[in-house]
Amino acid sequence: MNIKLISRYIGVALLFNAAFMALSMVVSMLYNFDESLSPLLLSTIITSLVGVFPLIFVKKEGVLNLKEGFAITVFTWVLSFIFGMLPYLLFGGPFSLSNAWFESVSGYTTTGSTILTDIESLPKGLLFWRYSTHYIGGIGVMIFMLMVLPTMSAFQLRKIEISSLSKDNYRYRTREMLRVITYTYIGITLLTFISLLLAGMPAFDAIGHSMTIVSTGGFSNRNLSIASYNSPAIERVCILFMYLSSLHFGLMYATVVNKSKMLIRSGVFRYYTSFLILFSLAVAIDLMFNGGYTSWELALRRAIFQVVSMATTTGLATADTNTWPLFSILALGIAMLHGGCSGSTSGGVKADRIWIFFKSLRSELTRMLHPTAYVQVKVGKNSIDHGTVSNALLFIVTFFFTSLVVTLVLLFGGLDFTEALSASVASLSNSGPGYGECGSLGSFAAFSSFEKLLLTIEMFLGRVEIFALLVFFKIFQK
């Protein structure tokens, strides 16, 4: 394995992290040189030195193979987690080693779970760094690298970093695809920021929440998340852009730039949108009849926001869902598992895989009724090959198996069933809050160090969509 070449790629990724640390340091200066300045300054220096070292002293030699591509993917994420801990560790306060690790991994994987019980007590510079980890993780550290390192090996890394479900739908070459992702990501960020400002959100809050929404992350600088604003206008803006951020970036880009109807014609898009509408209505009805709500307007507001927040795996909140009736809790749990669309920043199983599952189920039933018939699985007008169908179904089984195994371990540690199951699913789907202590307005502060470590492993598995990490270990066993 070409360690020198791998170290150069990882060095570039660390420099991106250092750039956002420096930006967070500027924010600290703008807010009267708050107490996060020194931790951020030292973190910037350390991360920059480690990142620049291989670029200066290591020669660029050779071409990447698949094994090295997987190594770059895994080590880039892990080292980002480690160096992302530095501002928290140096700041101290609530950030023990396990808490700093949890907050860092949760940020980069865009999970949005937190160990903080008083977020508003943190200085602005550190709050901006929390948002920055979401923003870096949302677009993907590897995507940042590919944008600045034109190389023939980019195709190999793209195969590893981007889901096979979304890859086929972009229909762009590597460099064009990166441009599409970047323009869409930045465009949604700017539109969200402007819209939140117009809705009445303070400037710093609007910047941070635009970063957390486009990355479908969930970190907020308010203890009560979006509920603290009690603003229908802000809630509507959040709902709209959480939804847009969970759609396929390539299809959105083609729809806007080429003025095509690719997005609307997509069967996955129609299925996913219908899912959100039906679940929102069902939860609203449940809140009215079983949840003690007396206003349809408020019930719909709360239901739509929480369903969209969970399905997009963003995790922002306008209500304490621990107090909701059982049907609504179960519906939000299903939405959390479901996730958004491939080719977006959302986690979960993904609407594409679930749509393929339903299509393959229908095809199998047709085969049983007509044994001699040749039946293909089709999504829209496109036939799906057997490998893609098998991959989707295997992923769904692996996803559920992993979440159940972690749930059993958490139960053995003393957590109650609802809390253990929801924490496991929330971590693997990168959605953030669960139920109980780790509910929509709670935190993971009471979890043990081992439980936090276990959940961060799940977060990482969810972010790289399980198979990339499993293949990495398989390769290095040989």
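The values are calculated or read from the model by the stated rules, or taken from the named source; none is laboratory data. Source: prediction; values computed, not measured. All Cβ positions, even for glycine, are placed from backbone atoms using ideal geometry, and neighbour counts span all protein chains on display. Ligands, DNA and RNA are stripped out before the accessible areas are found, and what is left, the full protein with its side chains, is counted by its heavy atoms. Shrake-Rupley method; radii C 1.70, N 1.55, O 1.52, S 1.80 Å.
Which residue, of GLY250, GLY187, GLY200, GLY217, is in a loop (DSSP other than H, G, I, E, B) and closer than 30 Å to SER266 by Cα? Spell out how you get there, then give the answer.
Numbers: GLY250 fails: in a loop (DSSP other than H, G, I, E, B); GLY187 fails: in a loop (DSSP other than H, G, I, E, B); GLY200 fails: closer than 30 Å to SER266 by Cα.
Every option except GLY217 fails the conditions.
All but one of (1) assigned to a helix (DSSP H, G or I); (2) surrounded by 15 or more Cβ atoms within 10 Å (Cβ to Cβ); (3) not hydroxyl-bearing (Ser, Thr, Tyr) hold for ILE264; which doesn't?
Here ILE264 clears every test but (2).
I need the full set of residues from region 306-350 which are in a loop (DSSP other than H, G, I, E, B), touching a Phe, Trp or Tyr at 6+ places or on another chain (Cβ under 6 Å) and β-branched (Val, Ile, Thr), in order please.
Answer for region 306-350, where residues must be in a loop (DSSP other than H, G, I, E, B), touching a Phe, Trp or Tyr at 6+ places or on another chain (Cβ under 6 Å) and β-branched (Val, Ile, Thr): THR318, VAL349.
Within region 171-216, which residues are modelled with pLDDT of 95 or more and aromatic (Phe, Trp, Tyr)?
PHE193, PHE204
Quick one: how many residues across region 267-292 are surrounded by 19 or more Cβ atoms within 10 Å (Cβ to Cβ) and aromatic (Phe, Trp, Tyr)?
3
Any residue in region 386-412 that's more than 14 Å from VAL349 (Cβ to Cβ): show its pairings with residues that are among the small types (Gly, Ala, Ser) and open to solvent by 50 Å² or more (accessible area, probe 1.4 Å) at Cβ separation under 9 Å, as long as the two are six or more apart or on different chains.
Hits for this filter: GLY387/SER164; THR388/SER164.
Could you list, in sequence order, all residues of region 214-241 that are without any contact (Cβ under 8 Å) to a residue 40 or more places away in the chain and among the β-branched types (Val, Ile, Thr)? Working first, answer last.
Quick first cut of region 214-241, residues without any contact (Cβ under 8 Å) to a residue 40 or more places away in the chain only: 228-231, 233-234, 236.
The answer is ILE234, and nothing else.
Six or more apart or on different chains, Cβ under 6 Å: which pairs go from a residue in region 269-289 that's within 14 Å of ILE334 (Cβ to Cβ) to one that's open to solvent by 40 Å² or more (accessible area, probe 1.4 Å) and modelled with pLDDT of 95 or more? Could you list them?
Here the result reads SER280/ILE304; ASP286/PHE327, each pair linking region 269-289 to a residue that is open to solvent by 40 Å² or more (accessible area, probe 1.4 Å) and modelled with pLDDT of 95 or more.
Only one of these conditions is not met by LEU79: (1) open to solvent by less than 30 Å² (accessible area, probe 1.4 Å); (2) assigned to a helix (DSSP H, G or I). Which number is it?
With respect to (1) open to solvent by less than 30 Å² (accessible area, probe 1.4 Å); (2) assigned to a helix (DSSP H, G or I), LEU79 is out only on (1).
Can you confirm whether region 26-44 contains a residue that is modelled with pLDDT under 85 and either buried (at least 20 other Cβ atoms within 10 Å of the Cβ) or within 26 Å of THR456 (Cα to Cα) (or both)? Give the steps one after another, and end with the answer.
Kept after step one, since they are modelled with pLDDT under 85, are these residues of region 26-44: none.
Within region 26-44, none of the residues are modelled with pLDDT under 85 and either buried (at least 20 other Cβ atoms within 10 Å of the Cβ) or within 26 Å of THR456 (Cα to Cα) (or both).
Take region 99-118 and flag every residue that is open to solvent by less than 10 Å² (accessible area, probe 1.4 Å) and among the acidic types (Asp, Glu).
Across region 99-118, the qualifying residue is only GLU103.
Could you give me the residue pairs with C-beta distances under 7 Å whose first residue belongs to region 1-30 and is closer than 20 Å to PHE70 by Cα, whose second residue is acidic (Asp, Glu) and open to solvent by less than 30 Å² (accessible area, probe 1.4 Å) wherever it lies, and which are 6+ apart or on separate chains?
What qualifies is MET1/GLU68; ASN2/GLU68; LEU5/GLU68; ILE6/GLU68.
Within region 456-467, can you find the residues that are more than 12 Å from the chain's Cα centre (by Cα) and either surrounded by fewer than 23 Cβ atoms within 10 Å (Cβ to Cβ) or closer than 11 Å to SER98 by Cβ (or both)?
THR456, ILE457, ILE466, PHE467
I'd like the residue in region 293-307 that is open to solvent by 10 Å² or more (accessible area, probe 1.4 Å) and of a type in the set (A, V, I, L, M) and, out of all such residues, is farthest from MET336 (Cα to Cα).
My answer is LEU298.
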